[in-house]
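Report on the following structure.
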Amino acid sequence: MKNSYKLLSVLFVSCFCFFSFSSIAASKDTLKAGSLQPYGRYFQSSNGNLELISSAVHFGFRFTGPDCSIFAALSDPTAHNYIQYTVDGIYFRRIRVSGNASHSYDIVGLGKGQHTIWVYKATEATTGPIFIQKIVGHEISAVKVPDRALIEFIGNSITCGAAADPSEIPCGTGVYHDQHNAYYAYGPRVARMLKTNFILSSVSGIGIYRTWNMDGPSMPQVYEKMDFLVNSKRNWDFKMFKPRIVSIALGTNDLSDGDGKTPRLPFDSIVFINNYVRFIELVKSKYPKARLALLSSPMLNGNKRMTLQNCLTIVKGRIDKKYPSGKKVALFFFKPMTTRGCGGHPSVEDHEILAKELAPFFKKLI
């Protein structure tokens, strides 16, 4: 009887330990979105959600074990959007986020031990925000972006990484942002090469005084808006980040021939130059200590390429004269390129070429 009692006791203790350890193993920690430390244009909603706005706005976290889950949603129940992520410094893939209900998007199949994840918005602000609610995983904690020099990249669809990645959805199919890949755009690539931080302030189709097929809105009209929408009531707080360099790559769309439907006047170099100078004055009012760099366009060749380069040279001269005690404006002209992305845009592979061209230029400015 005593032996039976002892056996039952051992079994009880063993079962208790088994269920206790199983319960511990099954339980996961929750990292609320309000505890994340995003970098780029974002907004913390009153309900605690993190609203990812700009291209490649990103946040990081660590966890232990083979998997974790990101809970995300959109504002439009019929829409879809994309985030993308790296694991321990290695790029993995894009994740399609759909609908306005919070869903769990799982990162699985990882090895044991601790992992660091960086999540990026793959698309631009005008495709709509992505709302992050929480992240679930073992021993999970937020990671802060390292304290390093910052480059802000202002531009158009090229800077967004738009139409660059048809690896999942071929060119000419799906919707416009299905081929967006902000992580592999030239700006983030340059930043990774030089070990700097980056922010993308970019809008597809936009220019200095007109868009690719309309008279506006232009970048000077939307730059101060949090989400780059001209009628938005939300303004961006420029005290959030202080770039050491501000790179501006605009002009491709001003020189566009349009869509063939909307009436379009010939390119006006005087209007372009005057608006560019005023825009630089606006940028300098936000970041008086930043170095300005003006880039040409890899999508333009022939006479349009030369026209843009001449205009940028004049803009530089006027700004340097207006601010004689300030840092001189730097110019960079891309080499002629036959782009291989969708709709004449640079592909992911083309962006690598552009970044390798740009890295020595920005390294000198840093």
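The values are calculated or read from the model by the stated rules, or taken from the named source; none is laboratory data. Every value quoted in this text rests on a predicted model; they were computed, and no experiment measured them. Backbone-built Cβ (ideal geometry, glycine too); neighbour counts: all protein chains shown. Protein only, heavy atoms only, side chains kept; ligands, DNA and RNA dropped before computing areas. Shrake-Rupley method; radii C 1.70, N 1.55, O 1.52, S 1.80 Å.
Per residue, what accessible area does region 166-232 have, given a 1.4 Å probe and all protein chains present, in Å²?
On the way: 2540 Å² over 67 residues.
Normalised by residue count, the accessible surface of region 166-232 is 38 Å².
A full extension of the chain between SER104 and LYS327 corresponds to an added length of 75.5 nm, given 0.36 nm per residue minus the alpha carbon distance. Computed over protein heavy atoms with a 1.4 Å probe, the carbon and sulfur contribution to the accessible area of the chain reaches 57%. Across all directions, the shadow cast by the convex hull of region 228-366 built on its C-alpha atoms averages 10.3 square nanometres. The length gained on full extension between VAL271 and ARG93, counted as 0.36 nm times the residue separation minus their Cα-Cα distance, comes to 59.9 nm.
Rolling a 1.4 Å probe over the heavy atoms of the protein chains gives region 60-108 an accessible area of 41 Å² per residue. Of the options (i) 141; (ii) 151; (iii) 161, only one is volume of the Cα convex hull per residue in Å³ as computed from these coordinates, and that is (iii). Based on C-alpha pairs under 8 angstrom that are at least 6 apart in sequence, the chain has a relative contact order of 15 percent. Computed 3J(HN,Hα) for region 36-52, one whole-Hz value per residue from the Karplus formula 6.51 cos²θ - 1.76 cosθ + 1.60 where θ = phi - 60°, is 6, 10, x, 9, x, 7, 8, 8, 8, 5, 5, 7, x, 6, 9, 9, 7, glycine and proline marked x.
What does the charge add up to near PRO166, with Lys and Arg as +1, Asp and Glu as -1, over the other residues with Cβ less than 14 Å from its Cβ?
Numbers: positive: ARG94, ARG340; negative: ASP165, GLU168, ASP178, GLU349, ASP350.
Every neighbour counted, the sum reads -3.
Here's the list of aspartates and glutamates a cross-link from LYS321 could span, going by alpha-carbon distance under 14 Å and ignoring same-chain residues fewer than 8 apart: GLU281.
Hey, what's region 293-366 come to in accessible area per residue, 1.4 Å probe, Å²? Don't skip to the answer; put the middle values down first.
Values: 3780 Å² over 74 residues.
Result: 51 Å² of accessible area for each residue.
The label point for ILE314 and the one for ARG234, both projected 7 Å from the Cα toward the Cβ, are 3.8 nm apart.
Across PHE43, PHE198, the residue with the most accessible area heads the list, and the full order at a 1.4 Å probe is PHE43, PHE198. Projected label points at LYS261 and GLU349, each 7 Å from Cα along the beta carbon direction, are separated by 3.3 nanometres.
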